[in-house]
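Here is the structure we will look at, set down as structure tokens.
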Amino acid sequence: MGGSFGKCYDPSGSQFGIPTYPWRYAPKGLATRRQLRARGLRPGGQPIAAQVLRPRYRRGPLTAYLYRVDRAKKVRPMTPAKWAALAKANLARRTCPTCRTDAGYVIPTSLGMCVPCAYPDDEQRAA
């Protein structure tokens, strides 16, 4: 194995401490958190089983941790209390601190207020 492929291939875990595979060469039965989530699963407290490395030019490699699919648990369903808390948090992100109205969109953090409050002169010119 030559090039960057050989640097990222360590199935015994002697070099990195855990089994390591090159990008897109992970064995079947292992998945990342995102892949588990797409299947409706979560790691469920299990330890990291392996990792996948993707070498990058002039930087450290990208690392993705892998978990065993057979040990993964189902995702916990959202409760009514969680839905209510999420709705309240999203409302707070849409509420302008200056005029105290629901802007209908998430207030940009760069402005810190809704667009009409940030640029009041633009409304007068448009009218």
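Share of the chain's accessible area from carbon and sulfur, percent, 1.4 Å?
C and S atoms contribute 54 percent here.
Among 115, 53, 87, pick out the residue whose Cα is farthest towards the positive end of the charge dipole of the range 8-127, where Lys and Arg carry +1 and Asp and Glu carry -1 on C-beta, about the Cα centre.
My answer, from the dipole projection, is 53.
Helix 80-94 versus the longest principal axis of the chain: what angle, 0 to 90°, nearest 10, using Cα atoms?
60
Could you let me know the centre-to-centre spacing of the range 100-116 and the range 24-86, using Cα atoms, in angstrom?
If we compute the Cα centre of each part, the gap is 34 Å.
Write down the percent of antiparallel bridges among all DSSP beta bridges whose residues are both part of the range 1-80, to the nearest 5.
So the antiparallel bridges in the range 1-80 amount to around 80 percent.
Contact order normalised by length for the chain, with contacts defined as Cα pairs under 8 Å and 6 or more residues apart; what percent is it?
17 percent.
Based solely on C-alpha atoms, express the radius of gyration and the Dmax of the range 59-101 in angstrom.
Cα radius of gyration and Dmax of the range 59-101 are 19.0, 52 Å respectively.
Who wins for biggest fluctuation among 76, 58, 93 in a Gaussian network model of the chain, springs between alpha carbons below 10 Å?
58
The values are calculated or read from the model by the stated rules, or taken from the named source; none is laboratory data. Please read these numbers as outputs of a predicted model, since none were measured by experiment. Using ideal geometry, Cβ is built from the backbone for each residue, glycine included, and neighbour counts are taken over all protein chains shown. Ligands, DNA and RNA are excluded from the accessible area calculation, which covers all protein heavy atoms including side chains. Shrake-Rupley method; radii C 1.70, N 1.55, O 1.52, S 1.80 Å.
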